[in-house]
1. Write down the percent of antiparallel bridges among all DSSP beta bridges whose residues are both part of the protein assembly as shown, to the nearest 5.
2. Test of understanding: in a Gaussian network model of chain A with alpha carbons linked when under 10 Å, which of A:Gly34, A:Gly155, A:Gly12 would top the mean-square fluctuation ranking?
3. Scan around A:Asp200 for amide H atoms under 5 Å from its own, H built in the peptide plane at 1.01 Å from N, and keep only partners 5 or more places away or cross-chain.
4. Using alpha-carbon positions, what is the distance between the centroids of the range A:210-233 and the range B:289-326, in Å?
5. Which residue fluctuates most in the GNM of chain B (Cα springs below 10 Å): B:Gly52, B:Gly294, B:Gly258?
6. Lys and Arg at +1, Asp and Glu at -1: add these up for the other residues within a Cβ distance under 14 Å of A:Ile169 and post the number.
7. Using the heavy atoms of the protein chains alone and a 1.4 angstrom probe, what is the accessible area of chain B per residue in square angstrom?
8. If you take each beta carbon of peptide A:43-56 and count the beta carbons of other chains within 10 angstrom, what is the mean?
Amino acid sequence: MIEVKGLTHAFGEKVVLNGVDLSVPENTIMGLVGINGAGKSTLLRLLAGVYLPLYGSISYDGVGPEVAETRQKIFFLPDDPYYTTWMTPASLFQFYSAFYPQIDPKAYEELLRAYDVDMKGKMRNFSKGMRRQVFIALALAIKPRYLLLDEAFDGLDPLSRKLFKDAIISFVEQEHTTVIIASHSLRELEDFCDSFVLLDNNRIKHQGDIAQHVGSYCKFELAFREPVEEAAFEHLPVLAVNVRERFVQIVLEGDSEQMRQELEKLSPAVMDEMPLDFEEMFIHDVQKKKGAEK
Amino acid sequence: MMKSYMRSHLRDSLKTLLYLVAFSVAVTLIFSGSNQCYPNEDYIDGEWIVTGYYYSSMLGIPVTILAISCFALPVLEFSFFKKRRNLDCAYALPISRREMGIVHYLTGLLLLVIPYTCSYLINFLLMLRYPGAFDYRLLFEHYILCMLLGICIYSVYVFVFNEANSTGDGVWFIILWTFVFYLIARALFGISYYDNLSEMGISFMALNGFTASYMDIIDGDRVALTADIWENTKGMIYISLWLVLGILSMIGHYLTFGKRPAQHTEEVSDSWFGYRVMIPIYAVCGMVLWQDIGAWLIVEVIAVVGYMIYRKGLHLKKSDWILLVVFPVIAYIMTTVTALLYWN
């Protein structure tokens, strides 16, 4: 289990994380989301032991990542992983096998074959997506207890994304690994993450189950007989509203049945509930915050 | 885990080692091979006639290779740690940072010693071409002492390089440390003790001072007496200074390598072993040495450029401007005091 308590980190005077508390249970996949500069990569680097926290603590089953033995159980895949110009997938495997004796060569080869990557090709000649595939195969072959992935889907084509997601799901089932993925591809995260953490303004704004979180909001499309003003919805818990004369699209916080009743009081001619996904919710959330700041 | 990493890193460094050995051997064969024996010609009756031969052991070749390696190897071994991208990989690996520092230090040491030894060996074999030309009794002593000195210099440079947050700053730190003792010695004792202490340079000068004196004996120009070498080259000063600095640097490297925060990488290098102290020393010593108002202005301009390199931009801090004003004042006081001491 990963426990983060009062984690604070800064670059000079710029505070990136401020008093972050987090608990990640075993055998789960957690999505880490937030706008650029929210502190996702910094949090992952702190969890991996690359950065040492300014204040607060991180522990894996009670031991911090600054201890080398703890890092034996962790594999961190950054957004721009290190490789030298002469490296091939085979030599990369050789390099990491010095540190992770449990690494499975068969699994590595199979995954690379599935991705159609040449074991002996120079990695400098690979596309960004291909390099990503090599590192993903490496991460899964190492079979760590804790897998930390930064921008995991970056550069992957749709087929590779699917392969990757399937591999992660079966990997978690078989190896009981805990996975933390930071990504901007929220639709991808929604598909296979058990939980999520939304970082905003140096802190955790929301955390929990994605479906439950999305379920706590509802989206409606309404049509009125006469043009309406945005002010007509001010009394409701609005996350986002878009008014175009007689037509309104609105995202509300709360139970959908209760919100439907509230909206019916405004006598719309037509009212339909629309599906709402995690990415759309995230966008509305960020836009609302930016609007409030302005 | 350290052993595994050592094995892995040595395997990665094997190609570099082979290149360095090949380069060292080639340089030795070319330069020593063609210069160990040259004719002494006299102009007699309108023509140049060979009247004898001079012999030179050319020990400067392996020693120069050693000196350059002392400078280059810390950069080669540790520049990996000066990029944030690389640290994401390195510091997430299940090995302590201290162990990682030791592995890179030891690998650098091997890359230092092996090419130097190969070069020295080739040079020795080339010397054997001229039986009776050289006195071999002090050759092994010279080899060992230069290697010891080289290891100390390498250790100092490793420590100094790792005090920087970027490769560029690290190279500057090494350059600044190379001449700082020489500059201080000249500025402080330049008038009365110039001959004794001015040779307190690093790397090239220290090693060259040693080698020149040994060559005097090995090449048969003087009687081979160890005591002469120590007296002539101020060997005790060299060895003591470098032994102390080398050991302190090794300890410093061991203690500090793992403690440098990764997020400082690629940022301004604020170490007390770098620009922060070196710019004032260079500026003040420069002014003491060149006591001329025009030269002082040039030194000030160089110091401003130095602070720009330090701050990685054109915007200097208020403290930098204050120091730039203070430098001439300190230099003036030092000049006056030195002159008074000299005349008394």
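The values are calculated or read from the model by the stated rules, or taken from the named source; none is laboratory data. Just so you know, these numbers come straight off a predicted model, no measurement behind them. Backbone-built Cβ (ideal geometry, glycine too); neighbour counts: all protein chains shown. Please note that ligands, DNA and RNA were not included when accessible areas were found on the heavy atoms of the full protein model with its side chains. Shrake-Rupley method; radii C 1.70, N 1.55, O 1.52, S 1.80 Å.
1. DSSP beta bridges in the protein assembly as shown are roughly 75 percent antiparallel.
2. Comparing A:Gly34, A:Gly155, A:Gly12 in a Gaussian network model of chain A, the most mobile one is A:Gly12.
3. Placed amide hydrogens put A:Lys205 under 5 Å from A:Asp200.
4. 64
5. The residue that fluctuates most here is B:Gly52.
6. With Lys, Arg at +1 and Asp, Glu at -1, the net is -4.
7. Accessible area per residue, chain B: 48 Å².
8. That works out to 3 on average.
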